[in-house]
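The values are calculated or read from the model by the stated rules, or taken from the named source; none is laboratory data. Everything numeric in this text was worked out from a predicted model, so none of it was measured. Here the Cβ positions follow ideal geometry from the backbone for every residue, glycine too, while neighbour counts run over all protein chains shown. What goes into the accessible areas is simple: the full protein's heavy atoms, side chains included, and nothing from ligands, DNA or RNA. Shrake-Rupley method; radii C 1.70, N 1.55, O 1.52, S 1.80 Å.
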Amino acid sequence: MRKWLPLVAVCLGAFMLLVDVTIVTVALPDMSADMHTGFAGLQWVMDVYALALAALLLGAGSLADRLGRRRVYLGGLALFAAASLACGLATGPGALIAFRAVQGIGGAAMFATTMALLSGAYRGRDRGVAFGVWGAVNGAAAAAGPIVGGLLTEQFGWRWIFFINLPVCALAVWVTLKAVAESRDPHAKGLDLPGMATFTAGAAAVTYAMIRVGENGWTSPATLGLFGLSAAAFAAFVLVELRSTHPMLDLSLFRSRTFVAVMAAGLLLSGSAFSYLMYVSLWLQSAEGMGPVGAGLVLVPLSAAAFVVSAVAGRLLHGAPARLTIGGGLLLIGVGALLQAWMLDAGDGWSALVPGLLVTGAGVGAATPALAATAMGAVAPARAGMAGGALNTARQLGTALGIAVLGAVFHAGLRSGLGQGGRELSEPLASGGAGQLLAAAPAGDARQALAGLVDAAFASGLRETFVVSGAMGLAGALAVLLLIRRPAGAASDGAPGRGSAAGGPVPAARTGSATAPAVRP
């Protein structure tokens, strides 16, 4: 059994960092009430974690190659634990958001090293078993997040969703020190600090711009200035990468249409399938009166369907054309979101969402197994690690941007549903304050009228959110069907080669993709 201790160490860290993507979802109303934070603050609590992961994954991988994968993994665990403690002790929204960002930095250090650590620890059949277990743990973490978050929030308070990380981190550090050997790349290149800085600035600015859209509209000077800053930062990133001798992301990879399609699919899959769950949770708890556990259970059909279909698809659809598995999965994701928009009306309860959540989960399960394998097949083996990191970055960035974009849509839909006379209620409703508003209303016809207005507002906001989510899923499916022309595994359109099972990071990415986190934040 000792030989599996490295797998235990890696799985503990992976489970924890992926649970923290979704565990916050069901705790948001309690956070809002306790800290008196508004809608934008709640968005940032979710967004900043995914944004830090997306911005630093590639850079953390390069750092680990130079300094040692075990050392960086342990550093990530320690930073994640310290940030979790600080999140649990935070007394205001600003401190909580800042420490969530630090959590994301620690998570990036762990996430960037897990596959390399497993590749170094196992060979042959054991490696396949290790990656299979690691992938299953990833899927279980995504499914467990809302349930664990609901139980902890309801029984002990929202701060315990962060405190629970401390004993898990301690155990992971102990097992890592005991069982994981150090490894590094003797040919590692220099760090691309300008690339990391410009990419982070661009991603943060565009996310903040979309959050400001919900508050100030598209044409406010602050919003336009942030969009301009983002465009300038991304332009600088492109120039830096083109001129760098050791770029963080080799832009020549995008000469492959297949690689472009996979990056778009990863971005849009996360944005369309998972980003609206924050707003569903706010509705369930603030307007429908459900507790955190109940809200978490409502979201389980998506995770469960994704987990089951992913396991089945990994076996039955092996070798099927990627344009059909990825494109078909994104099509199902789009249809699932549109089905939720069609079935939800004012006065409807949580059951109206279940058919759409199941269809969306099936789409996630169908598309996910082929994503990383297709990315690997579109690049040379020497670029397999970079391609896998780029895909993970795209997925995390999709979550961050999706929350921001759909937040603007949701807020606008709330205002539309409230009408001219009730628009001042949009901010309290968006911040999870529907229950307090209804409790404070006088009994009788006035309270009943307010309840009807709240139901209409949430139905309007969620329907518009689902429609945009559906459009993102359909756009992703169209991009995949247009850009991927050859079966999975074939080099395509300028791709320099394909990954192989003996190519270092390739089996890690391939196996991990088959059971990548179902709920992503």
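With N set to the number of residues, divide the alpha-carbon radius of gyration of region 329-414 by 2.2 N^0.38 Å and report two decimals. Before the final figure, lay out each step's value.
On the way: Rg = 16.7 Å, N = 86, 2.2 N^0.38 = 12.0 Å.
Scaled against compact globular proteins, the figure is 1.40.
Percent of Cα-Cα pairs per 5 Å bin, from 0 to the last occupied bin, for region 127-197, please list those.
Answer for region 127-197: a P(r) of 3, 11, 10, 16, 16, 15, 17, 8, 4, 1, 0 percent.
Taking every pair of distinct Cα atoms and averaging 1/r, then inverting, what Kirkwood hydrodynamic radius in Å comes out for region 228-297?
One over the average 1/r among Cα pairs gives 15.7 Å for region 228-297.
Let me check I've understood the local charge: for residue 463, count other residues with C-beta under 14 angstrom from its C-beta, Lys and Arg +1, Asp and Glu -1. What total comes out? Spell out each step's value before the answer.
Working: positive: 415; negative: 345, 348, 455, 464.
Neighbour charge sum, excluding residue 463 itself: -3.
With all protein chains present, calculate the accessible area of residue 483 using a 1.4 Å probe and round the result to the nearest 10 Å².
Using a 1.4 Å probe on the heavy atoms, I get roughly 50 Å².
Using a 1.4 angstrom probe on the protein heavy atoms only, line up 66, 2, 127 by accessible area, largest first.
Working: 66 115, 2 150, 127 40 Å².
Ranked list, largest accessible area first: 2, 66, 127.
Sorted by average packing, counted as other Cβ atoms within 10 angstrom per residue and highest first, what order do 99-106, 395-402 take? List each step's numbers first, then the result.
Values: 99-106: 23.5, 395-402: 28.0.
Top to bottom by mean Cβ count within 10 Å: 395-402, 99-106.
Quick check: Cα centre of region 119-158 to Cα centre of region 160-203, how many Å?
A separation of 17 Å, based on Cα centres.
Considering the zone a paramagnetic label at residue 85 would reach in this model (a point 7 Å from Cα along the Cα-to-Cβ line), which residues of region 155-196 have amide N under 17 Å from it?
Only 159-174 fall inside the zone, counting backbone N under 17 Å.
For region 48-109, which whole-number percentage of the solvent-accessible area (1.4 Å probe, protein heavy atoms only) is attributable to carbon and sulfur atoms?
Working: 1320 of 1870 Å².
Of all accessible area on region 48-109, carbon and sulfur atoms account for 71 percent.
How would 411, 187, 36 line up by accessible area, probe 1.4 Å, largest first?
Working: 411 10, 187 135, 36 160 Å².
From most exposed to least exposed: 36, 187, 411.
Using mean Cβ contacts within 10 Å as the protection proxy, how do 335-344, 272-281, 238-247, 369-378 order, highest first? Mind dumping the intermediate values first?
On the way: 335-344: 21.4, 272-281: 28.3, 238-247: 14.0, 369-378: 30.7.
My ranking of the peptides, most packed first, is 369-378, 272-281, 335-344, 238-247.
Using packing as a proxy for protection, rank 359-365, 156-162, 258-264, 288-294 so that the peptide with the highest average count of other Cβ atoms within 10 Å comes first.
Details: 359-365: 27.9, 156-162: 20.3, 258-264: 24.7, 288-294: 18.1.
Descending packing order for the listed peptides: 359-365, 258-264, 156-162, 288-294.
Below 8 Å between Cα atoms, with a sequence gap of 6+, how large is the relative contact order for region 33-182 in percent? It would help to have the intermediate numbers written out before the result.
Details: 155 pairs, mean separation 46.9, N = 150.
Reported relative contact order: 31 percent.
Normalised by the number of residues in region 293-397, what is the relative contact order in percent for Cα pairs under 8 Å and 6+ residues apart?
Result for region 293-397 is 36 percent.
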